[in-house]
2 protein chains.
Amino acid sequence: MILKVKSLKLLAGRPVAILHANTAKKLAIYPGERISIKKHPKSQKIIAIVDIAKGMLKENEAALSSEIINYLKLKERDKIEVSAAPKLLSIYYILEKLKGKTLDYQKIYGIITDIVNNALTEAEIAYFVSAIFINGMTIDETAMLIKAMVENGKKLDIKNVVDKHSIGGIAGNRTTPIIVSICSSTGLVMPKTSSRAITSAAGTADVMEVLTKVEFTSEEIKKIVKKTNACLVWGGALGLAPADDKIIQVERLISLDPEAQLIASILSKKLAVNAKYVLLDIPYGKSAKASSKEDAIRLARKFENLAKFFGLKLKTVLTDGSEPIGNGIGPVLEARDVISVLSRSKDRPLDLEKKALDLSAIILEMTGKAKKGEGLNLAKKILDSKLAYKKFMEIINAQNGSIKNLKNRLISAKFNFKLKAKKNSSVMDIDNKKIAAVARAAGCPADKPAGIYLYVHRGFKVKKDDNLATVYAETKEKLNFAVDLFKKINPIVLK
Amino acid sequence: MILKVKSLKLLAGRPVAILHANTAKKLAIYPGERISIKKHPKSQKIIAIVDIAKGMLKENEAALSSEIINYLKLKERDKIEVSAAPKLLSIYYILEKLKGKTLDYQKIYGIITDIVNNALTEAEIAYFVSAIFINGMTIDETAMLIKAMVENGKKLDIKNVVDKHSIGGIAGNRTTPIIVSICSSTGLVMPKTSSRAITSAAGTADVMEVLTKVEFTSEEIKKIVKKTNACLVWGGALGLAPADDKIIQVERLISLDPEAQLIASILSKKLAVNAKYVLLDIPYGKSAKASSKEDAIRLARKFENLAKFFGLKLKTVLTDGSEPIGNGIGPVLEARDVISVLSRSKDRPLDLEKKALDLSAIILEMTGKAKKGEGLNLAKKILDSKLAYKKFMEIINAQNGSIKNLKNRLISAKFNFKLKAKKNSSVMDIDNKKIAAVARAAGCPADKPAGIYLYVHRGFKVKKDDNLATVYAETKEKLNFAVDLFKKINPIVLK
């Protein structure tokens with residue numbers, strides 16, 4: 001069928017064509033189905049998802065998103081040929097997985113390629129995620145998923161990369177900048193790409209953005225790493241295993257996180273940054289992602305088996321995830337914690353320092369920078385001598401930050417409220433998820449100074465009217481909203 | 001956050017708001033997530049799905065679909081307040097079902113209400129469908145699903161309704177117009193609402209549309225039924241159990257048809273048309289929906305149990321679904337078959353006639369119009385005396401058709417091609433799905449005269465060069481496409 005182009009100037013994130021209801025009926029196309037479009041009389045084809053409109057269009061018009069206009073180099077009123085597109089093969093593969101079958105590499109590769117090319121709709125990706133979630137994936141399938149994700153993306157062109165990663169879920173757990181600063185001081189190459197917060201109060205990229213620029217091209221990252229051995233940047237725009245980002249977007253709709261996808265997500269990014277050594281932190285605890293030590297061990301074994309498959313030197317370390325780490329939760333508050341540890345401030349959070357040292361020690365030993373049993377001493381020496389602090393400032397400078405302005409960037413939120421103990425008691429529990437929920441209610445991660453400062457940890461004894469936490473927010477409304485939520489869900493349990 | 005309205009004049013089928021990328025970032029909203037919108041300073045709220053654009057909008061603007069503009073009575077440049085919307089409760093219920101839990105009525109009702117109100121995205125509905133497909137539903141859950149679907153829709157206000165339904169999947173199986181004509185001749189009230197083709201060559205509504213109008217309001221249907229005891233209309237726009245239509249739309253993306261949803265879909269529509277008696281035809285066979293007799297029996301028991309729950313007098317009948325029924329496949333070709341049976345033409349398809357008579361007999365007996373064992377004789381009498389033909393013409397007239405024009409409406413397709421036997425042989429098998437695929441390739445259901453005419457049925461002996469089938473199409477391209485497909489997938493197996 002031949003139609004005339006109506007340009008929408010809409011970046012829909014994927015090719016979308018809006019057809020008149022009668023036109024769609026003639027093509028026997030329903031909303032969400034696909035059509036094939038080419039410029040009349042001859043051009044390449046593009047597959048587009050159909051929306052159906054009454055009124056805004058004439059029957060002989062198709063309103064096209066910019067993705068289509070640009071790809072086919074179309075102008076307003078150009079003629080295009082549209083036809084119902086055949087079903088994608090990947091849809092049949094997804095259907096097989098829903099029916100409980102095991103997929104081979106060719107099929108998984110087909111699904112991932114179609115996800116990366118925007119050929120699959122969110123609903124179709126949701127079917128894939130559901131199938132993985134309920135039916136699970138074999139280790140072989142997971143390996144093929146990882147391989148397909150890496151091959152459908154870009155790679156970082158840096159050698160001998162050392163990486164660390166936490167599976168997440170622990171509020172305030174900002175060890176990465178400290179570990180990278182300690183380890184890269186010894187000459188290790190650590191181009192660390194991190195994510196922004198998805199469900200937490202802050203990701204490492206959000207925290208670093210308080211202090212310096214975090215968005216760079218792969219070429220710029222190469223230059224920064226050449227200068228300083230390390231970087232602490234946002235990995236989101238580098239095109240590393242991009243299927244992962246699209247799948248996560250669909251998972252987020254319903255807070256689903258299938259284990260196979262969690263593992264594939266992490267390992268595909270590590271392979272895409274060309275990592276040779278990886279230390280993987282798996283915190284466990286009631287409100288962590290791994291809710292028991294057994295869960296954490298099982299997950300660690302899966303990571304180790306898969307890493308072997310790809311020849312990746314990966315060590316897992318199970319850590320205490322029973323409560324938040326550090327004092328601050330929120331981008332600015334966590335940046336303060338990091339700097340206070342690195343600058344050896346007296347009021348630095350010692351739990352954060354200890355965890356960063358322990359993990360650094362393992363990295364130094366696994367890469368041969370320290371002999372077995374001597375990693376912790378080396379890490380301490382680098383931290384105490386402020387070599388790590390110097391390295392951190394180097395990284396900030398190399399990323400276009402300015403260490404002279406740091407104080408201005410660590411400014412407090414406009415409003416705050418102190419929560420106090422109602423009686424003499426002990427801190428029994430601090431729930432990671434609830435703390436994150438309150439911090440987000442206060443404005444995290446978008447409002448960088450927002451968040452929570454904790455005065456206590458598990459086991460602390462408190463007297464009546466002792467401070468438990470301060471909530472910070474940029475507006476009174478957000479402060480009230482967060483404080484009300486705190487009182488309602490009670491993240492700090494006293495007894 | 002306060003933004004200015006930019007009107008899109010886009011009927012997106014649901015409330016959609018397009019935000020500037022930076023605005024979305026400030027709200028910590030990702031594409032596909034929801035915002036709450038109200039007119040500033042005060043109005044009702046509406047929940048909208050967010051698309052994110054760069055370029056077409058300023059940061060302080062929001063482009064809104066007509067659904068939002070109309071609901072909040074907005075004008076271009078009006079001020080609106082937007083905020084991140086809390087997650088819908090129904091999403092947690094869907095998550096529970098994905099995790100294998102059983103849902104109660106309140107939760108199922110919540111999901112169905114949000115589907116009907118367009119509050120759930122297609123991806124979220126896909127999660128629900130996947131969960132039902134893989135984890136199944138208990139009989140209680142299915143009953144609650146049916147109840148929720150009926151209560152979230154409109155009802156037909158007609159009493160003592162008799163209905164028949166086939167679960168579908170058999171090409172050419174157009175018994176409904178014949179059965180309705182026979183049974184309503186005895187005074188039975190049969191306001192038959194049918195669907196259009198989804199994956200088949202024609203639905204009963206597509207076939208009736210060849211002969212008369214099929215789209216009416218509930219009030220108009222009431223008038224038609226008052227006049228003639230019956231109607232044969234399209235049920236799609238009546239708002240009967242509308243959740244079903246949206247769920248089917250999402251299932252269609254991936255050709256999924258979970259059993260619980262199939263049952264709920266049929267029974268909810270029957271309850272919504274206020275049916276008192278229902279005859280349910282369950283064809284079984286290799287290429288039918290129920291692939292074996294055991295499957296058909298199991299499915300029949302489920303329908304019967306659920307019907308009891310709702311006090312519905314339902315009878316199931318298992319029929320031969322091993323091959324297409326009648327000669328024609330496609331709207332016009334099936335309409336011809338129906339008229340040739342009703343008008344007692346010599347070349348009428350006797351398999352279609354026999355099935356229509358058998359089913360009519362059961363309806364006449366279950367409603368007390370005939371004594372046990374005498375239904376078939378009564379049905380035959382009504383058919384042979386052309387009383388049923390007269391009734392069918394009455395219905396066509398009442399639905400604004402004209403029996404004088406029938407010949408013009410039953411016109412042949414512009415192009416055709418005869419497929420012939422290559423040697424002396426027997427017809428071993430005729431595959432329903434493959435026949436439907438060829439008919440659709442030829443242009444069905446949009447091109448009404450397109451389709452396939454079958455000269456043979458299973459067990460027929462054929463000589464070399466005997467006709468097997470004629471393929472009809474409105475363009476040469478479609479004819480060649482369909483004939484090529486026929487030769488490739490070979491729906492008629494000879495031996």
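Rule-based calculations on the coordinates, nothing more; no lab input. Remember, predicted model here, so these are calculated numbers, not experimental data. Counting neighbours? That spans all protein chains shown, and the Cβs are built from the backbone with ideal geometry, glycine included.
Computed from the Cα positions only, the extents of the stretch B:89-136 along the three principal axes stand at 25, 22, 14 Å, in decreasing order. Each copy carries a label point for B:K354 at 7 Å from Cα along the beta-carbon vector; from one copy to the others these points are 8.5 nm apart, nearest first. Under the convention that each Lys and Arg Cβ holds +1 and each Asp and Glu Cβ holds -1, the size of the dipole of the protein assembly as shown around its Cα centre is about 960 debye. For A:K58, the point set 7 Å out from Cα toward Cβ sits 3.2 nm from its twins in the other copies, listed from shortest up.
About its Cα centre, the stretch A:2-84 has a charge dipole of approximately 240 debye under the convention of +1 per Lys or Arg Cβ and -1 per Asp or Glu Cβ, with nothing else charged. I'd like the distance between the alpha-carbon centres of the stretch B:371-409 and the stretch B:31-84, rounded to an integer number of Å. Rounded to whole Å, the Cα centres lie 54 Å apart.
Scaling the Cα radius of gyration of the stretch A:318-382 by the globular reference 2.2 N^0.38 Å produces a ratio of 1.21. Per residue, chain B reaches -13000 deg cm²/dmol at 222 nm when only DSSP H runs of four or more residues are counted, each adding -39500 (n - 2.57).
Distance from the alpha carbon centroid of the stretch A:152-224 to that of the stretch B:454-495 works out to 63 angstrom. With the convex hull constructed from alpha-carbon coordinates only, the stretch A:2-84 shows a mean projected area of 4.4 nm² over all directions.
Cα centroids of the stretch B:411-425 and the stretch B:238-289: 34 Å apart. In chain B, the longest principal axis of the Cα atoms and the axis of helix B:105-116 are about 90 degrees apart. Using +1 at the C-beta of Lys and Arg and -1 at the C-beta of Asp and Glu, which of B:G136, B:S90, B:N117 has the Cα lying farthest in the positive direction of the dipole of the stretch B:89-136? So the residue we want is B:G136.
Close amide-amide hydrogen proximity is noted between A:L468 and A:L419, A:K420, A:A421, each under 5 Å apart and 5 or more residues distant or on a separate chain (H modeled in the peptide plane; Pro and chain starts excluded).
Relative to the longest principal axis of the Cα atoms of chain A, the long axis of helix A:432-441 lies at roughly 70 degrees. Here the Kirkwood formula, the inverse mean of 1/r across different C-alpha pairs, assigns the stretch A:87-212 a hydrodynamic radius of 17.3 Å.
Need one number for the protein assembly as shown: average projected area of the convex hull over its C-alpha atoms, nm².
Result: a mean projected hull area of 43.9 nm².
Backbone phi angles across the stretch B:302-310, fed through the Karplus curve with coefficients 6.51, -1.76 and 1.60 (θ = phi - 60°), yield HN-Hα couplings of 4, 4, 5, 4, 5, 4, 4, 3, 9 Hz in residue order; Gly and Pro are listed as x.
Per Stokes-Einstein, at 10 °C and 1.306 mPa s, what whole-number D in µm² s⁻¹ belongs to the stretch A:415-494, with the Kirkwood radius over Cα pairs as the hydrodynamic radius?
Value of D from the Cα-based Kirkwood radius: 128 µm²/s.
The alpha carbon convex hull volume per residue for the stretch B:219-375 rounds to 157 Å³. Computed about the Cα centre, the dipole magnitude for chain A is approximately 880 debye when only Lys and Arg (+1) and Asp and Glu (-1) carry charge, each at its Cβ. Ordering B:I69, B:P31, B:M56 by the projection of their Cα atoms onto the charge dipole of the stretch B:2-84, which places +1 on the Cβ of Lys and Arg and -1 on the Cβ of Asp and Glu, puts B:I69 at the extreme positive end.
When the alpha carbon gyration tensor of chain A is reduced to an equivalent ellipsoid, its three semi-axes come out at 44, 27, 23 angstrom, largest first. Projecting 7 Å from Cα along the Cα-to-Cβ direction, the label point of B:N397 sits 9.8 nm from its equivalents in the other copies, listed shortest first.
Ordering B:L378, B:L312, B:V341 by the projection of their Cα atoms onto the charge dipole of the stretch B:306-462, which places +1 on the Cβ of Lys and Arg and -1 on the Cβ of Asp and Glu, puts B:V341 at the extreme positive end. Which entries in the list B:K386/B:K461; A:K101/B:K107; B:K164/B:K390; B:K346/B:K381 go over 22 Å, if you measure between the two C-alpha atoms of each? Long pairs (Cα-Cα over 22 Å): B:K386/B:K461; A:K101/B:K107. Axis angle, to the nearest 10 degrees, between helix A:139-151 and the longest C-alpha principal axis of chain A: 80 degrees.
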